[in-house]
Amino acid sequence: MIIDKAEVIVTSPDRNFVTLKITTSDGVTGLGDATLNGRELAVVAYLSEHIVPLLINRDPAKIEDTWQFLYRSAYWRRGPVTMAAIAAVDMALWDIKGKVAGLPVYQLLGGASRNGLLAYGHASGKTISELFDSVRDHQEQGYRAIRVQTGVPGLKSIYGIASNATHAVGVRYDHEPAVRGALPKEEDWDTRSYLRHLPTVFEAVRNEFGPELPLLHDGHHRMTPIQAAQLGKSLEPYDLFWLEDCTPAENPEALRLVRQHTTTPLAIGEIFNTVWDYQQIIREQLIDYVRSAVTHTGGISHLKKVLEYASQYQIKSGMHGPTDISPVGMAAAMHLGLSIHNFGIQEYMKHGAKTDQVFQQSFTWKDGFLHPGDKPGLGVELDVDEAGSYPYVQAYLPYNRLADGTVHDW
Ligand code: EZ4
Ligand code: CO
């Protein structure tokens, strides 16, 4: 059996997705997610111009060899575009291997280590009362762990507030920070106001919802190390499950300083793309959760290596699962999460109705837990005709400016 065909499919039901579809000489198909929010077409070009021609006639069974070949033969390695492209190939080959074996991918990875995957959803509100409604709504949807993001007095719009995200055309685009249109939206930011406000929000949420509910928060790379340390310390009374991306991803040593000051658990890595990005922070035990998605970290094969390394230090998975991870990428995350020993939690934002029509999925969501299902492979099929009816629409993630006009981390 050889790889006969590899196609890159771009579709925009609710939002943009990039999918690689590999077909073998026996007619078996495999899917991989290569979606990189706001920079989708760079990955499309990397795949169609440079990777697809290399895949034709290769043995689809050789997953590790193909990974090493694509990674090392490029000479120019790492980076989000390269690693999303390689991830898509890796996922598609695992999908094919599962279909050929007649087994779900998690069985090929060692079998289930648990019954289901605890998942968290995103509650948000500009005000405390909007936030409470959103937390209740998530509990009604079955979520047993909840991320909390709110507005900050004096700031117009903030990351993570669902009702902020309105299309250029005025359609509400829930929970999706990328906005369709020709230019990125500008948001405002003030770290001191945020640091003053956030502990009052968590105090209110704990008073309303009690001590049991696991609560998470995303700092989205906006603080300096000492500000992050201050926040971790001020949130300690509210017993967070984690504080995510408290400092920018480029400076792993910042986390050492944060760690010296707080016992609030730390998660980082949604914009990391290789095991080398994690080498120091895992070895020095500076984090508690690995945020990488399968889609942005070289696929199932590579993220499994990161998580096995992390397991030596009792560091757990907390895979990224916003709507910009396609149903294929989410399925890959679920198979990996079900099989590893050091699973922590899975982020899970529901996709829109159009997306669920383009991608036929077999996962289940019950009582706050996800399961990838038992179909051979990843368990996702793509309706190519339906996909074709939603052409690519330009969309950008927003960016931040401080009050004096300085560009700030978004
Ligand atoms: O902003 O995936 O934890 N989740 C996040 C996400 C990211 C988006 C960027 O594309 O930080 O909402
Ligand atoms: Co995040």
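The values are calculated or read from the model by the stated rules, or taken from the named source; none is laboratory data. Worth saying up front: this structure is predicted, and the values here are computed from it rather than measured. So basically every Cβ, Gly included, is an ideal-geometry build from the backbone, and we count neighbours across all protein chains shown. Heavy atoms of the whole protein, side chains included, go into the accessibility calculation; ligands, DNA and RNA do not. Shrake-Rupley method; radii C 1.70, N 1.55, O 1.52, S 1.80 Å.
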Practice task
Being within 19 Å of the chain's Cα centre (by Cα) and small (Gly, Ala, Ser) is the filter; apply it to the range 93-138 and report the residue that is surrounded by the fewest Cβ atoms within 10 Å (Cβ to Cβ).
Solution key: Gly116
Fill in the blank from the handout: Of Ile300, Ile325, the only residue that is buried (at least 16 other Cβ atoms within 10 Å of the Cβ) and part of a helix (DSSP H, G or I) is Ile300
Practice task
Kindly indicate which of Asn37, Asn57 is within 16 Å of ligand 2 (Cβ to nearest atom) and over 23 Å from Val105 (Cα atoms).
Solution key: Asn37
Completion exercise
Going through (1) within 16 Å of ligand 1 (Cβ to nearest atom); (2) open to solvent by less than 10 Å² (accessible area, probe 1.4 Å); (3) outside the structural domain of Pro265 (by TED's automatic domain parsing); (4) not small (Gly, Ala, Ser) one by one, Glu347 fails only at (3)
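Taking the range 233-248 as the search range and keeping residues that are assigned to a loop (DSSP other than H, G, I, E, B) and within 17 Å of the chain's Cα centre (by Cα), which one is farthest from ligand 2 (Cβ to nearest atom)? Explain how you work it out, then say what you get.
Taking the range 233-248 as the starting set, the residues that turn out to be assigned to a loop (DSSP other than H, G, I, E, B) are 239-241, 245-248.
Keeping just the survivors that are within 17 Å of the chain's Cα centre (by Cα) gives 245-246, 248.
On the way: Asp245: 5, Cys246: 11, Pro248: 13 Å.
My answer is Pro248.
Taking the range 282-295 as the search range and keeping residues that are more than 16 Å from ligand 2 (Cβ to nearest atom) and outside any loop (DSSP other than H, G, I, E, B), which one is nearest to Gly32 (Cα to Cα)? It would help to see each step written out before you state the result.
The first filter runs over the range 282-295 and keeps only residues more than 16 Å from ligand 2 (Cβ to nearest atom), leaving 282-286.
Now drop any that are not outside any loop (DSSP other than H, G, I, E, B), which leaves 282-283.
Details: Ile282: 28, Arg283: 31 Å.
Here the residue is Ile282.
Could you go through the range 242-258 and let me know if any residue there is among the hydroxyl-bearing types (Ser, Thr, Tyr), more than 27 Å from Ala310 (Cα to Cα), in contact with a helix residue (DSSP H, G or I) (Cβ under 9 Å, 6 or more places away or on another chain) and within 16 Å of ligand 1 (Cβ to nearest atom). Before the answer, list the steps.
Pass one, the range 242-258, residues among the hydroxyl-bearing types (Ser, Thr, Tyr): 247.
Narrowing further to those that are more than 27 Å from Ala310 (Cα to Cα): none.
No: the range 242-258 contains no residue that is among the hydroxyl-bearing types (Ser, Thr, Tyr), more than 27 Å from Ala310 (Cα to Cα), in contact with a helix residue (DSSP H, G or I) (Cβ under 9 Å, 6 or more places away or on another chain) and within 16 Å of ligand 1 (Cβ to nearest atom).
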Exercise for the section: May I ask you to list pairs of residues, at least six apart or on different chains, whose Cβ atoms are under 9 Å apart, with the first in the range 283-305 being among the basic types (Lys, Arg) and the second being at pLDDT 95 or above and away from ligand 2 (no atom under 16 Å from the Cβ)? Expected result: Arg283/Tyr309; Arg283/Tyr313; Lys304/Leu109; Lys304/Leu336; Lys304/Ser339; Lys304/Ile340; Lys305/Val275; Lys305/Gly298
Exercise for the section: Please identify the pairs in which a residue from the range 234-254 that is open to solvent by 70 Å² or more (accessible area, probe 1.4 Å) has its Cβ atom under 9 Å from the Cβ atom of a residue that is of a type in the set (Lys, Arg) and more than 11 Å from ligand 2 (Cβ to nearest atom), counting only partners at least 6 apart or on another chain. Expected result: Pro237/Arg206; Asp239/Arg206
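Residues checked against (1) within 16 Å of ligand 1 (Cβ to nearest atom); (2) part of a helix (DSSP H, G or I); (3) within 20 Å of Thr295 (Cα to Cα):
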{"position": "Gly321", "(1), (2), (3)": "yes, no, yes"}
{"position": "Met334", "(1), (2), (3)": "no, yes, yes"}
{"position": "Asn342", "(1), (2), (3)": "no, no, yes"}
{"position": "Thr355", "(1), (2), (3)": "yes, yes, yes"}
{"position": "Asp374", "(1), (2), (3)": "no, no, no"}
{"position": "Asn400", "(1), (2), (3)": "yes, no, no"}
{"position": "Gly405", "(1), (2), (3)": "no, no, no"}
Completion exercise
How many residues of the range 183-232 are within 16 Å of ligand 1 (Cβ to nearest atom), within 29 Å of Leu118 (Cβ to Cβ) and assigned to a loop (DSSP other than H, G, I, E, B)? The answer is 6
